[in-house]
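Below is one structure; the comments refer to it alone.
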Amino acid sequence: MSTGIVSQEVNGRQEPTEAARDERHGRRRRVAVVGAGLVGSLAALNFARMGNDVDLYEYREDIRQALVVQGRSINLALSQRGRKALTAVGLEQEVLATAIPMRGRMLHDVRGNSSVVLYDPINKQCLYSVGRRQLNEVLLNACDKLPNIRCHFEHKLTSANLREGSMEFRNPAKEAVAAQADLIVGCDGAFSSVRQHLVRLPGFNYSQEYIETGYLELCIPSKSGDFQMPANYLHIWPRNTFMMIALPNQDKSFTVTLFMPFKVFASIQNQNDLLAFFKLHFRDALPLIGEQQLIKDFFKTRPQFLVSIKCRPYHYADKVLILGDAAHAMVPYYGQGMNAGMEDVTLLTDILAKQLPLDETLALFTESRWQDAFAICDLAMYNYVEMRDLTKRWTFRLRKWLDTLLFRLFPGWIPLYNSVSFSSMPYRQCIANRKWQDQLLKRISGATILTAIMAGGAIYAQRFL
């Protein structure tokens, strides 16, 4: 029976009482979230808001205290799926307040000329460039405000018994720390320790693919306190088999990412090779980066690998679940890695709200998600070809123009990029839409060509026969 008391004031905040949490969401569980990145901290927030006790573990130091964040791209493209997840925990406006809108792609050719292709000329929707660190800080600060979340930084998962829900971590003092949970949630990235334990269980399917392209990060600094290029675009230098992109940062700089086959990276042996390469392929970017800064940044580290990972199921019984890159790491060319991971949390929260037994909940999540996860991994691979090569072709511009025209005339005609980036349409449905659109356009173009041939034949017959 309900007591009628559903909330109480805790440190100036209204929090649901334990009885209210149990009444709304069933038994209060102890949840261990492994990985305090973007997806992990968001997952922790959602579990805690549903009344669970959450322990959030991260093997790195607290990103809010770190002087330098190593090994991760510093800015990301936030789109509709990520925004929806942030809205659900009341953080979207705080994030967007400092985000930089990107309204389209600015393409740079080898001669230094640039042109703009807008993402959405009809509804004026855009992507937002957000700093990874800043976004992670916002999420972790929100976690700190909930009394039922405990954060454990510099705790590396060293072993786990998934059947029993037991784990062992190594803390900063190199001591073994035992932990127990009703549910273990792995949000620990592409090289997930939690997933490594799942792989050992029968019935778990796993595949990974490293591509022959690596990436290296450079920087276009601000000048006189301002951007050196137009800020509200994703800048792309497409060069057939390789490309360079740049996203704006809050400090008026651009994070530049060079994507090239490893053999091309290997061909650049010294600073003369490097400068000659940039003068040939990226002549307009070179003075913006600066020769000395380019030499320093290019040779200070090796190109990083890119991997695409598919696996299923995402759960084991009612004990374990993996989300985000731990479940479906993808190459970064559609800008959906973070957004897809956050959408995992949205979907999981919706299923949890049905209050099914936990094993049924986790099984339903896997069944509802794996096909869409596979689909966006495939789309990310395809988009690299589009970005590095197809964007330069007149056929790409023609299809973009045609998609925009049909979208304006028939709102049900949603271009592929719009459906992926500016809607919550399941990824597999995005692909299905594109397929029927392609088939329809082929039929129309075939009929148009046939009509033109028949008309030409008729005119010929009237004149010469």
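The values are calculated or read from the model by the stated rules, or taken from the named source; none is laboratory data. Remember, predicted model here, so these are calculated numbers, not experimental data. Glycine also receives a Cβ, built like all others from the backbone with ideal geometry; neighbour counts cover every protein chain displayed. The protein model used for the area step is the full one, side chains on, heavy atoms only, and it has no ligands, DNA or RNA in it. Shrake-Rupley method; radii C 1.70, N 1.55, O 1.52, S 1.80 Å.
Observations on the structure shown:
- A 1.4 Å probe run over the protein chains yields, for the chain, 48 Å² of accessible area per residue, whole-number rounding.
- Taking every alpha-carbon pair under 8 Å whose residues sit at least 6 apart, the stretch 25-385 reaches a relative contact order of 21 percent.
- Solvent-accessible surface of protein heavy atoms, probed at 1.4 angstrom with all chains present, puts Arg283, Arg132, Arg150 in the order Arg283, Arg150, Arg132, largest first.
- Computed extension gain for Ser114 through Thr395, at 0.36 nm per residue and net of the alpha carbon distance, reaches 99.4 nm.
- Summed side-chain charge close to Glu209 - residues other than Glu209 whose Cβ falls under 15 Å, Lys, Arg +1, Asp, Glu -1: -2
- Of the two radii for the stretch 25-385, the radius of gyration is 0.98 times the Kirkwood radius, both from the alpha carbons; that is the Rg over Rh value.
- Eligible aspartates and glutamates near Lys354 by straight Cα distance, threshold 18 Å, same-chain separation 8 or greater: Asp22, Glu23, Asp318, Glu343, Asp344, Glu367
- The angle between the Cα long axis of helix 358-388 and the longest principal axis of the Cα atoms of the chain comes to about 30 degrees, rounded to the nearest 10.
- Placing +1 on the Cβ of every Lys and Arg and -1 on the Cβ of every Asp and Glu, with no other charges, gives the chain a dipole of roughly 1600 debye about its Cα centre.
- Farthest toward the positive end of the dipole of the chain, out of Gln293, Leu362, Gly324, is the Cα of Gln293, where the dipole comes from beta carbon charges about the Cα centre.
- Among Ile268, Gly214, Phe282 - extreme Cα towards positive end, dipole of the stretch 208-283, charges at beta-carbon: Phe282
- Distance (nanometres) between label positions extended 7 Å along Cα→Cβ at Ala266 and Asp62: 4.5
- Nearest-ten-degree value, helix 271-281 long axis tilted from longest Cα axis of the chain: 60
- With the simple model of a label 7 Å out from the Cα in the direction of the Cβ, Lys442 to Gln196 spans 4.5 nm.
- Summarising the strand pairing of the chain, around 75 percent of its internal DSSP beta bridges are antiparallel.
- Solvent-accessible surface (1.4 angstrom probe) belonging to Ser224, in square angstrom, nearest 10: 120
- Calculated FRET efficiency for the pair Ala317/Gln429, C-beta based, R₀ 35 Å, to 0.05: 0.70
- Whole-angstrom gap from the stretch 257-277 to the stretch 185-253, using each part's C-alpha centre: 19
- Straight-line cross-link reach from Lys252 at under 12 Å between alpha-carbon atoms covers these aspartates and glutamates, not counting any fewer than eight positions away in the same chain: Asp226.
- Using a Förster distance of 51 Å, the FRET efficiency for Ile295-Ser166 (Cβ separation, nearest 0.05): 0.50
- Accessible carbon and sulfur surface of the chain relative to its total accessible area, %, 1.4 Å: 54
- Between helix 427-464 and the chain: long-axis angle, C-alpha atoms, 0 to 90°, nearest 10: 10
- Ignoring lysines fewer than eight residues from Lys124 along the same chain, the ones with Cα atoms less than 21 angstrom from its Cα are Lys84, Lys400.
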